Amino acid sequence: MRILIVEDEPALAFRLQQALEAAGFAVDTAYDGENGWHLGDTEPYDAAVLDLGLPKLDGISVLSRWREAGRDLPVLILTARGRWSEKMQGFNAGADDYVTKPFEMDEIVYRLRALIRRASGHSQPELACGPVRLDTNGGRVSLDGQPLQLTAQEFRILSYLMHHPGKVVSRTELMEHVYDRNFDSDSNVLEVMIGRLRKKIGAEMIQTVRGQGYVLSAPEAP
Amino acid sequence: MSRPLPSLSGRLVAAALLWMLALLLIGGAVLAWAFRDSVEREFGQRLDAMLRAIIAGTEVMPDGALVVNRPLGDPRFDQIYSGWYWQVSSPGGRLLRSRSLWDQTLTTMPGGDEVFFHQHQGPKGENLLVAERDFLLPDGDGRVHVLIAADLAEVAAGARRFNLLLASALGLLGLGMAVAVLIQVRYGLGPLRRMMADLDAVGQGERPRLSGAYPREVAPLAAAMNAVLDKDAELIERARTHVGNLAHGLKTPLAVIGAEMAATPDAGVIKTQLDAMRRLIEHHLGRAAAVAGAGRNPGERVAVAPVASDIAAALAKIFAERGLDVRVTVPDAACFHGHAEDLAEMLGNLMENACKWARRRVRVSAEGVGDGVVIVVEDDGPGLSPQQAASAAGRGKRLDEMTEGWGLGLSIVADLVAVNGGTLDFGTSDLGGLAVRLHLP
């Protein structure tokens, strides 16, 4: 899952990025409204954390422009402005959640996970596909009830596939949602990661559709 | 505060009335004196004429006796002590007198050939006007003294009648003028009274500044007042913006420190202090916004329904994980008189709190009551115990300190309710949880 942070305070942006990466997200950061709007408009993020008081272009305008252009990524507004009239303004502009500063990092992670899960059509916090279960609240994966140890990259790939079970996910799509924009997409690291995942959860769980991509599905009961 | 001066209308009316009273009194006195003087003068002329008639009729008989032929025709000279008398005396000691004098003699003054008028007491104690003189008979024995007297009561009665008439006429005139003065003062000072009512409205927060046109003399005052009010509003607005900017500005560094803290082990004390700072900022920010926002742009009417619906939609997103059933049934006519921001803040905090505590359902209803509105926010959560509800109603702002989970929300709501002149009641909902009843005038 890939997140966009738009926050002009560098120290805060850095800590946010750190915390979100630790929680298993790929993160891009923009430090002003114009850049943030541009990234959100051109890259396929799974969610955005948006500050309201931004240089160059304020957060509400960024959000309104995204929504007008049909960008429907979940947006969490993170701002110091906590009055209800200000919250209503944010929600009316198309926000999906609103957290006021100062805040707890855990809450941001929790809320982002819930936003992403609901945006891909899952109402329950636990996603299941055959023997594999993903607890979206805690960011934990289990296989046949046993905790499964995954690296950050493996987790992101599996998490994205778990959010879209039974759907063919192209290589490009997977790359875009799993790696931040500084990642060199020409390497064949994705194939390596898929191979490792297959070893851990069973090769039959992730099928390769030739020329199209990958699909995650529960194996037929024998 | 110095002792209040008498009112302007009081001064104007008192000055006008005193001046009028003095003029009326002087005028009345002059008129009364002039009337009495002219009546007395005319009375004197009558006496003088009668005196001449007596002189003309007085003769000395061959035997030396004095007679008055053709005595005066007036019968009052024949009635005893009627107040009308004449008397003729000769140097020889002979005396003739009117029948009305009977056996009384009026003392005479030594006189000359000119008529001499004076006042004298009559036999009955009446106040007489006396006219007397000497004259020489053609073949007589020297100077004869003649006197005629008449009761002044007649003159006095006439003067009294005139004075009565004069007093009532002047009194009526004075009354009419007093009424005119009152009307004039009332009408003339009307703009000042209007200004006072305007200022009252400003004080009550019903209006931001003095409105309406004032006459030339007062308009500069109103303009100066408005300038002061505008300046005042601007200062408040600037202070509010300042507080807001400061508090909001502090929040981001706090968030940064908080985030750094999370990455540092053993930061317990710092974290506690950080939380305390956080709460302090929220508290004062909320309060500053609540107080500074009060009473500005009065006359604004905000429909409750769209605000409540917007908040419900926002809360549905914020509490999406809980799958709450937030139902808003507010008639379109329900309106709040005040700031849209204040309404949003009160409703938002109450509804958010209800969502926090609710198991499944939150209900928001409202109805217009008179000119105001009553909004009820209910949930099916644990609610307040009767003791908690009682002390909440009694102490208002203390509730947040005794009830976990209310946070700062309630103290902000309580401030806003107080500033908007409303009331806040806590009860039990038929949903099972807390019912907060918000009455806004």
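The values are calculated or read from the model by the stated rules, or taken from the named source; none is laboratory data. Just so it is clear, the model here is predicted, and its values are computed rather than measured. Virtual Cβ from ideal backbone geometry, glycine too; neighbours counted across all protein chains shown.
Structural remarks
- Residue within segment B:310-322 that is at pLDDT 75 or above and assigned to a loop (DSSP other than H, G, I, E, B) present: yes
Yes or no, residue by residue, for (1) under 23 Å from B:GLU132 (Cβ atoms); (2) touching a helix residue (DSSP H, G or I) at 6+ places or on another chain (Cβ under 8 Å); (3) among the basic types (Lys, Arg):
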| residue | (1), (2), (3) |
| --- | --- |
| B:ALA16 | no, yes, no |
| B:MET20 | no, yes, no |
| B:PHE35 | no, yes, no |
| B:LEU47 | yes, no, no |
| B:THR58 | yes, no, no |
| B:ASP63 | no, no, no |
| B:ILE80 | yes, yes, no |
| B:TYR85 | yes, yes, no |
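- A:TYR160 vs. criteria farther than 23 Å from A:GLN17 by Cβ, among the aromatic types (Phe, Trp, Tyr) and surrounded by 13 or more Cβ atoms within 10 Å (Cβ to Cβ): no
- Where a residue in segment B:300-325 is in the same structural domain as B:HIS337 (by TED's automatic domain parsing) and of a type in the set (S, T, N, Q) and its partner, wherever it lies, is crowded, with 16+ Cβ neighbours inside 10 Å and modelled with pLDDT of 90 or more, with Cβ under 6 Å and at least six apart: B:SER309/B:VAL328
- All conditions but one from (1) under 13 Å from B:LEU147 (Cβ atoms); (2) in contact with a Lys or Arg (Cβ under 9 Å, 6 or more places away or on another chain); (3) touching a residue at least 40 places away in the same chain (Cβ under 8 Å) apply to B:ASP48; the one that does not is (2).
- Where A:PHE14 falls short, out of the listed (1) within 14 Å of chain B (Cβ to nearest Cβ); (2) in contact (Cβ under 8 Å) with a residue 24 or more places away in the chain: (2)
- Residues of segment A:17-38 satisfying the condition of being within 18 Å of the chain's Cα centre (by Cα) and assigned to a loop (DSSP other than H, G, I, E, B): A:ALA23, A:GLY24, A:PHE25
- Boolean, A:ASN137 is closer than 20 Å to A:ALA26 by Cβ, in a loop (DSSP other than H, G, I, E, B) and within 14 Å of the chain's Cα centre (by Cα): yes
- Test set (1) at pLDDT below 85; (2) surrounded by 14 or more Cβ atoms within 10 Å (Cβ to Cβ) - B:ASN69 fails condition number: (2)
- Scanning segment B:57-107 for residues that are farther than 26 Å from B:PRO138 by Cβ, assigned to a helix (DSSP H, G or I) and not small (Gly, Ala, Ser) turns up B:PRO75, B:ARG76, B:ARG99, B:LEU101.
- Candidates in segment A:166-209 are the residues that are surrounded by fewer than 17 Cβ atoms within 10 Å (Cβ to Cβ) and in a strand (DSSP E or B); of these, the one that is nearest to the chain's Cα centre (by Cα) is A:VAL168.
- The residues on offer are A:ASP32, A:ASP58, A:ASP106, A:ASP8, and the sole one that is surrounded by fewer than 23 Cβ atoms within 10 Å (Cβ to Cβ), closer than 23 Å to A:ILE157 by Cα, outside the structural domain of A:ARG140 (by TED's automatic domain parsing) and of a type outside the set (A, V, I, L, M, F, W, C) is A:ASP106.
- Matching residues, segment B:426-441, being over 39 Å from the mean Cα position of the chain (by Cα), of a type outside the set (S, T, N, Q) and either at positive phi or part of a strand (DSSP E or B) (or both): B:PHE426, B:GLY427, B:GLY432, B:LEU434, B:ALA435, B:VAL436, B:ARG437
- Verdict on B:LEU31 being in contact with a helix residue (DSSP H, G or I) (Cβ under 9 Å, 6 or more places away or on another chain) and free of Cβ contacts under 8 Å to residues at least 12 places away in the same chain: no
- Tally of residues being within 30 Å of A:LEU16 (Cα to Cα) and among the basic types (Lys, Arg) across segment B:208-253: 1
Conditions tested, residue by residue: (1) at the interface with chain A (Cβ under 8 Å from one of its Cβ atoms); (2) touching a helix residue (DSSP H, G or I) at 6+ places or on another chain (Cβ under 9 Å); (3) of a type in the set (Gly, Ala, Ser).
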{"residue": "B:ALA308", "(1), (2), (3)": "no, yes, yes"}
{"residue": "B:ILE311", "(1), (2), (3)": "yes, yes, no"}
{"residue": "B:ALA314", "(1), (2), (3)": "yes, yes, yes"}
{"residue": "B:ILE318", "(1), (2), (3)": "yes, yes, no"}
{"residue": "B:GLU321", "(1), (2), (3)": "yes, yes, no"}
{"residue": "B:ARG327", "(1), (2), (3)": "no, yes, no"}
{"residue": "B:VAL330", "(1), (2), (3)": "no, yes, no"}
{"residue": "B:HIS339", "(1), (2), (3)": "no, yes, no"}
{"residue": "B:GLU345", "(1), (2), (3)": "yes, yes, no"}
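- Note on segment B:242-274: residues that are over 17 Å from A:THR79 (Cα atoms), more than 7 Å from chain A (Cβ to nearest Cβ) and not in a loop (DSSP other than H, G, I, E, B) total 9.
- Residue within segment A:198-217 that is touching a Leu at 6+ places or on another chain (Cβ under 9 Å), outside the structural domain of A:ALA26 (by TED's automatic domain parsing), within 23 Å of A:PRO44 (Cα to Cα) and basic (Lys, Arg) present: no
- Tally, over segment A:107-122, of residues that are facing another protein chain (nearest Cβ under 8 Å) and not hydrophobic (A, V, I, L, M, F, W, C): 1
- A search for C-beta distances below 8 Å between a residue of segment A:97-117 that is over 11 Å from A:LEU76 (Cα atoms) and any residue that is among the aromatic types (Phe, Trp, Tyr), counting only pairs 6+ apart in sequence or on different chains, returns nothing.
- Residue within segment A:81-95 that is more than 13 Å from every other protein chain (Cβ to nearest Cβ) and aliphatic (A, V, I, L, M) present: no
- Flag for B:VAL39 being more than 44 Å from the chain's Cα centre (by Cα) and either basic (Lys, Arg) or within 19 Å of B:LEU164 (Cα to Cα) (or both): yes
- Flag if B:GLY348 is in a loop (DSSP other than H, G, I, E, B) and either assigned by TED's automatic domain parsing to the domain that holds B:PRO306 or modelled with pLDDT of 90 or more (or both): no
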